[in-house]
C-alpha cells in the first residue's frame, strides 16, 4: 500500500525534502511503551550529517510527537512524529530544474507524477525523509530491546576497505550502536573515512556494504510463502535510497560452494536448538530459527557528485550538462546504517506482532 | 498476507509436497486472456526435473484449471490451477522424521507449527509447490508478452563457472526461454552441467546466480516508499526456496566504485529518454525508468545432500546422524530459473495493474 | 484484495456455478485444529436446498480438503477445500444468455468483465459459491467453539412474519444451530414456510431479516478507525448475495429514540463489567465490550422469479421479455443463515488472531 | 490495517480529541489536483458545531497541508493535513476519569489499551478526529467532481421526523451540499431542529437516518467477493462514531416485499442501460450498475447526555453515578452528514483508482 509498510505494525511516511516538514505515523505499536526522548535524539544525530564526509545541510531534527503518546507512554493508537525542515536551500535546485540528475529519481518521478512532483532536493524521494523513519524506528527499537532483541549494523566495507567480521554479537551490537562511524575495527574505519574524503576532494562519491545482526528473535517467526523473513525485510530495506542489493547470511558467497560446506548443522545447547555455523543468516524456509538474523545491504555510491555529467531535460533537450551545486554527501553509508537498523526494527516488530498479537511489546 | 502475494493481481499458493495436490489461485487477472496450454506445459516442463542433474522424482504436472476460465479465455474472476501429486515416496521420509535436516525448514516449521506440520518431503515448504507458481506465472507471462513485455533468465554462474553477460536482450530473452539449461554460452553451460554431475557423484550439491532481464516495462511504475520495484520484486523472489540474495543492476559491484563510474547518464533517442549504461537495473528511486529491469538472485547449494550430517531431533536428541535417502537435486538452479521468471512476472504485472487499472492486460 | 478476505486469517474464494468446482483457501488458521467432517457435512446440509421452499438443484457437496490438513488436524498452512459441481443444467441458461436478469449481477458482470464472464447460472456471482464459504466456515466455527465462542442466527422475519426475540443465548444458539429452519418460535417458522410456499406458487419470491448473536468474544477486540468490528463484519457480510443491509444492536430502532433510552448502563457482576441492556450490540467505539455481539442482515427477495419481466440485452435490444426457466429458490433466507454464521466466524476469528496472535486457536 | 483505509487510495487517521492536533495522510491521490482551500474550509465549517443544537466547543479547524502539495496542486505523493486542537477543556473530563460513560468507548478502550489510552474527551475515538476526515475528503470530493461524480446526503429522519424523498438528484445534491442543515424539505428541517432543541432542554439527545446519493459512478466498479461496493463503503462508514446500521437502496423495506416488486427492470435510454426503479441502490452482485448509488446510515442518539446515569469504574466500583459536565452535542446527525460524504468519497475513489489506475483523477 504505497507509502505504508507493515501488516500489523505499520509505518506511513510523508513529506518532501524542501517542504514544511517530514513525518511518520506509526500504527499498531503496543500501549505502555516509554518514550525515551534522549534515545530518539541520539538516533537522529547518528543519521544527521556531520563533518567533512557528509553534506553541509544541517537540520536540527527537532521532532514533535503529536499523537499516540500520553503521559510519556504510547497509548496504542497511531503515533505521529513531525520533523520540521528548517535548512532548505531550494534555490540550489532551481538551476537544475528539468534536468534529469543521473542516478537520481528525477526522471522516474517525472514519468510517474507527470511534472507535478515537488522536484526540489529530490522531494519525497529524498534521503531527508529517512529522518522520520529513524525517529519512528527508535521507538520500535526501544520496544524490541525490552523483549531482549538487539539490532546493530556495521560498515562491512566502504570504498573497497573492509571491516573485520562479527565475532561476539552481544557485545558488538551495543558498542556499534554508540558509534558515529559504525565499524568493528576503528583503524579500518579511519581508512574508510580517508577514502571518503579523497572521493569528496575529487567531487566524487563512494558506496559500500552494511551488515546487520538481529539478536534475540525467537524461532518460528515468518511465513513460508510469501511473507518470508527475507521477503519482508528486503521489501522494507529497498526503500532506503541507494540500497540496491540485499543478501541474507552468506548468500553471494554460498553460490560458489557446496551444500556440504554451507548446510548449518544443528546441535542442542541448554535445551535450545542452535546451529554450529550461520551461513543461512538465522532463517530457513523463510522462518527464523532462533540464531542471529544476519543480512547485508549493498549501498551504491551517492549519485550527487560535483563532476560535470551529461544528461537530458524533460522537454527533449539532449546533451545537457549537469553541474551540481548545493550540499551533497560524498558517502551516505555511515548515515544509512541507522536507517537500516530502524527499517529492520519495523519489519521484525511487525512480524512479531503478527505472530504473537498486539500486546507482544507490552511488558 | 501470508500465502498470498500481490496488491491488485494476487496469487495464493497451497499444497504440500506429499499431499494430494498443490495449486494456486490467481486473482485480478484481466478478462479475455487466451489460455495457451502448450505454453503452460512447456513452462512446467522447464521446471520439471530431467536427466542426471536433477532429482529422480518425476511428476507429470498434469494441471487442471478449475475456475476463472470460460471458453478458453480468462473471465476476470479467480483462476484456480490444481496440480495433483502422483509420485510421492513418503516412506523415504519416515526414517528421518523428527530429525532436523540442516539447511532445510524442518526445524523452523516445527517451531512455527508445533509439530502439526506435514513434514513429508518438506510439506508446504517444498520446491514442489513452485510448480503451481510456474503454471500461474505462465498465464501472466502470456499476458505480459501481449503488452510487449518479455522476461528471461540465464544461469549467470553455477559452481563457480560463469556465463557470458547479456548483450542483446530482445534476441537473447526469447532464445533463453526455449532452453532447458538457460545459458547464453552453451559451452559454459556444458561445463556447469559437468560440475553439477561431479557434485552429484560426491553426494553433494552446488548453487549459483540467476540473472534476469525484463524488457518493455514503461517508465513510471513503482512507488518511492515502500512499494519500490526492488522491494516488491525481492519480497516475492525470496519466497523461492534457496534464494538468499537479490541485487538490482550491479549492486554488489557498485559498492566498490565511485558515483562518477556508476551514475547512468541520460540521452534521448527516438524521443525516448534512455540511459547510456544500466548499472541501476532500470530502476531509480524505486520506480522504473524504461530501461530493462535487471536483477540477480543468489541460489544457495541445495541442502539435500547424501553425505552424512550431524544434527538433532525435536525431542532433545543431540548428535544424531542424518543420512538422506530418497530423490534429491544436486542443483536446482537450472530448474529455479523458470520459477524466477514466473515470480517476476507476477510482481511486475501486479505493479502494472496497480498503475494502469484492472483492464491493462485486456488488449 | 478482491476475492480474499481477512488480514491475518484469510479466505480466498473461487469457482463458478456451472464450472467444474468451487472452492476456498483458508490461510492463517492455527495448527492442531481437529477436522470434524460430520460437522462440516452438517453445516453444508443446512445450506443445501431441500423441500418445496428451495431450488430443485441438488448438489451432493462432497467436499475434499486437499491441503493444510495432516493426520486429521490443521497444519497451519493454507487449507484448501474443493467442492465439485455435479448437477449443472447449463442449458437452462442458454436461452437467457445476453439478457440482463433484473436484480441479478448479469449486467454488472458484463460491464466489469466485458463479456468474458462465465454467465451460466450467475457464474462466480452465484450463491453456489457460498458452499465453499460454509465448509471453510465450519472449520473456523469449530475453532471458535473450542475457545467458548458460539455463533447462531435466527430468521427474525420472513415475508413479514416475525420470530420472537432472543432471550437466553447460551441455550438458544446451540438449539438454532441444529435446526433446518432456524427460528426461535417454530409456530412462526411454520407460518413463514407457508408464506414462502405461497410466493413460490405465484412464481414469486420473498426476503427477510436474519439476526445473529455471537457469544463469548472478550472485550477489547477491534479498532477505532477503520477496522471496527462493525466495519469488518459488514464488509464480509455484504458479500453474501441478497444481503443489502446490516445493523448492529438496535440501530434502526435507536434512530427514533433518545440517548437516555439507548445508552447501555454498566454494572459489575462476578468481577466482569457488563451492560444492563445491549442496544449497541456488544460494540462501542468499534471495539467489543464483552457483551454478545448482535447484528441483523436484510435479505432481499430472491431475484429469480418465474413471472415474466421486461429487460434488455447487452447488444442494445430494449423491451426484451425474460421468462426464467430452470431451478430457483422462492426464498434463500433459511439457507443464507448458515452462510451468515460462517462469514461472521471468519471475520471474528480474523479479529481475534490479529489481537492475540497466530496461536490463539491452538488449544 | 487498523487506522488506514483503502487499497490504492488510502487514508491514515491520527490524533486525539485533547492532544496537540489531529490529522490525516491521504496516499495515492493523483497528481495535479487543484487544492481548493475555500472548499475545504466550507466543508469543515459544515462539520463544525454551530448554534444551540451543537456542542459549545468551537474549534477554528485551521488546517495546514504539510506534504504532497506543490504550487497549489497535489504532487501524487502522500498528502498530510494537520488540524491543531485549540479549544480543549480537558478538566471537564478529570472528574469522570475511570468512569465508563455509557454508550461511549471508554470501557472498550480500556480493555484494548489497558489504561494507557488518552481518555480525555474520548481521545482517539472522539468525533473530533472526523475533522481530519472531512478535510481529506474535501480533496477527494473535488477530484470526483472533476470526473462528474457528485455525492450528497440528507437527513432522511431525525427524532422521528422524516424528510421527503430524493426526486431529482442532479439538482438536489448540489443544493444539499450548500446547506448547513441538510434536508430536502426545509420545513421538515425546522421541525427536526425543534426536536433537537427539545431534547437538549431535557439534557437528552436524539439520532436519525442519513441518506446518501452518489451520482455518476460508471457501471462495472467493485468486486463480487469480498470487495463489493456495499462491503467497502460500509467498512468505512461504520468508523464514523454513532453509525450503527447501513443499508443500500431499500434494504430493510425490501425484506417484507416480493421479488416481483423489488427487481429493478432494465431499459435502454440514449444507448445506456438503466433501471426503471433503483431498489438495489445502484449495485448488483457487489458491482455498480451505473445508476445512482443510494445508501442510508442509522445514527444513534449521541451518548453524551446530561441526565445522571448509573455506571461503574475500571477499578471495580459498581453503582457509580455519572453526571456529565462539559460541552456536548444533543444531536450530531446534521454534522455527521458531511463526514458521511467524505468517507463515501474516499471509498468510492479508492474503488475507481483500483479499477482504472492511479492516473484516473488526473484530467
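The values are calculated or read from the model by the stated rules, or taken from the named source; none is laboratory data. Everything quoted here is computed from the prediction, not taken from an experiment. Cβ coordinates were reconstructed from backbone atoms using ideal geometry, including for glycine residues, and neighbour counts include every protein chain displayed.
Could you tell me whether any residue of region C:183-199 is within 14 Å of another protein chain (Cβ to nearest Cβ) and under 19 Å from residue C:280 (Cα atoms)? Looking for residues that are within 14 Å of another protein chain (Cβ to nearest Cβ) and under 19 Å from residue C:280 (Cα atoms), one finds none in region C:183-199, hence no. Residue selection: residue D:298 fails the criterion of being surrounded by fewer than 24 Cβ atoms within 10 Å (Cβ to Cβ) and in contact with a helix residue (DSSP H, G or I) (Cβ under 9 Å, 6 or more places away or on another chain). Read through the list (1) surrounded by fewer than 22 Cβ atoms within 10 Å (Cβ to Cβ); (2) within 12 Å of another protein chain (Cβ to nearest Cβ); (3) touching a helix residue (DSSP H, G or I) at 6+ places or on another chain (Cβ under 7 Å), then give the number of the only condition that residue A:26 fails. Among (1) surrounded by fewer than 22 Cβ atoms within 10 Å (Cβ to Cβ); (2) within 12 Å of another protein chain (Cβ to nearest Cβ); (3) touching a helix residue (DSSP H, G or I) at 6+ places or on another chain (Cβ under 7 Å), the lone unmet condition for residue A:26 is (1). Being in contact with a helix residue (DSSP H, G or I) (Cβ under 7 Å, 6 or more places away or on another chain) and over 19 Å from residue D:137 (Cβ atoms) holds for only one residue in D:345, D:308, D:331, D:320, and it is D:331. When you scan region C:96-108, do you find a residue that is closer than 30 Å to residue B:106 by Cβ and either within 14 Å of chain D (Cβ to nearest Cβ) or in contact with a strand residue (DSSP E or B) (Cβ under 9 Å, 6 or more places away or on another chain) (or both), even just one? Scanning region C:96-108 turns up no residue that is closer than 30 Å to residue B:106 by Cβ and either within 14 Å of chain D (Cβ to nearest Cβ) or in contact with a strand residue (DSSP E or B) (Cβ under 9 Å, 6 or more places away or on another chain) (or both). Residue-level analysis places residue D:312 among those that are touching a strand residue (DSSP E or B) at 6+ places or on another chain (Cβ under 7 Å), farther than 16 Å from residue D:250 by Cα and within 7 Å of another protein chain (Cβ to nearest Cβ). Can you confirm whether residue D:193 is within 21 Å of residue D:52 (Cα to Cα) and touching a strand residue (DSSP E or B) at 6+ places or on another chain (Cβ under 8 Å)? Here the answer is no, as residue D:193 does not meet what is asked.
When you look at residue B:204, is it in contact with a helix residue (DSSP H, G or I) (Cβ under 7 Å, 6 or more places away or on another chain) and farther than 30 Å from residue A:12 by Cβ, yes or no? Yes. Within region B:109-140, restricting attention to residues that are more than 7 Å from every other protein chain (Cβ to nearest Cβ) and outside any helix (DSSP H, G or I), the residue that is surrounded by the most Cβ atoms within 10 Å (Cβ to Cβ) is B:119.
Selection of helices (runs of 4 or more DSSP H) fully inside region D:225-309 by the criterion of at least 3 residues being more than 7 Å from chain C (Cβ to nearest Cβ) returns D:229-237.
Number of residues in region C:1-28 that are farther than 19 Å from residue C:359 by Cα and in a loop (DSSP other than H, G, I, E, B): the value is 8. Residues in region C:50-103 that are in contact with a helix residue (DSSP H, G or I) (Cβ under 8 Å, 6 or more places away or on another chain), in a loop (DSSP other than H, G, I, E, B), within 17 Å of residue C:306 (Cα to Cα) and modelled with pLDDT under 90: 3 in all. Answer yes or no: is there a residue in region D:29-47 that is crowded, with 18+ Cβ neighbours inside 10 Å, modelled with pLDDT of 95 or more, within 7 Å of another protein chain (Cβ to nearest Cβ) and assigned to a loop (DSSP other than H, G, I, E, B). There is at least one residue in region D:29-47 that is crowded, with 18+ Cβ neighbours inside 10 Å, modelled with pLDDT of 95 or more, within 7 Å of another protein chain (Cβ to nearest Cβ) and assigned to a loop (DSSP other than H, G, I, E, B). How many of the residues in region C:1-16 are more than 10 Å from chain D (Cβ to nearest Cβ) and modelled with pLDDT under 95? Of the residues in that region, 0 qualify. If only residues of region D:316-328 that are assigned to a loop (DSSP other than H, G, I, E, B) and at the interface with another protein chain (Cβ under 10 Å from one of its Cβ atoms) are counted, the one that is surrounded by the most Cβ atoms within 10 Å (Cβ to Cβ) is D:328. Residue D:209 meets all of the listed conditions (1) touching a helix residue (DSSP H, G or I) at 6+ places or on another chain (Cβ under 9 Å); (2) buried (at least 24 other Cβ atoms within 10 Å of the Cβ); (3) closer than 18 Å to residue D:165 by Cβ; (4) facing another protein chain (nearest Cβ under 7 Å) but one, namely (2). Any residue at all in region C:53-63 that is away from chain D (no Cβ under 14 Å) and under 30 Å from residue B:115 (Cα atoms)? Within region C:53-63 (the criterion being away from chain D (no Cβ under 14 Å) and under 30 Å from residue B:115 (Cα atoms)), the answer is yes, since at least one residue qualifies. Residues of region D:142-192 that are assigned to a helix (DSSP H, G or I), over 19 Å from the mean Cα position of the chain (by Cα) and free of Cβ contacts under 8 Å to residues at least 12 places away in the same chain: D:171, D:186, D:187, D:190. For region B:267-290, a residue qualifies if it is in contact (Cβ under 8 Å) with a residue 24 or more places away in the chain, surrounded by fewer than 22 Cβ atoms within 10 Å (Cβ to Cβ) and over 20 Å from residue A:322 (Cα atoms), and exactly one does: B:290.
Within region A:49-62, being over 16 Å from residue A:18 (Cα atoms) and surrounded by 20 or more Cβ atoms within 10 Å (Cβ to Cβ) holds for A:53, A:54. Does residue A:220 satisfy the criteria of being at the interface with another protein chain (Cβ under 8 Å from one of its Cβ atoms) and over 20 Å from residue A:327 (Cα atoms)? So residue A:220 fits the description; yes.
For residue B:78, the criteria (1) within 14 Å of chain A (Cβ to nearest Cβ); (2) closer than 28 Å to residue C:30 by Cβ hold in every case but one, which is (1).
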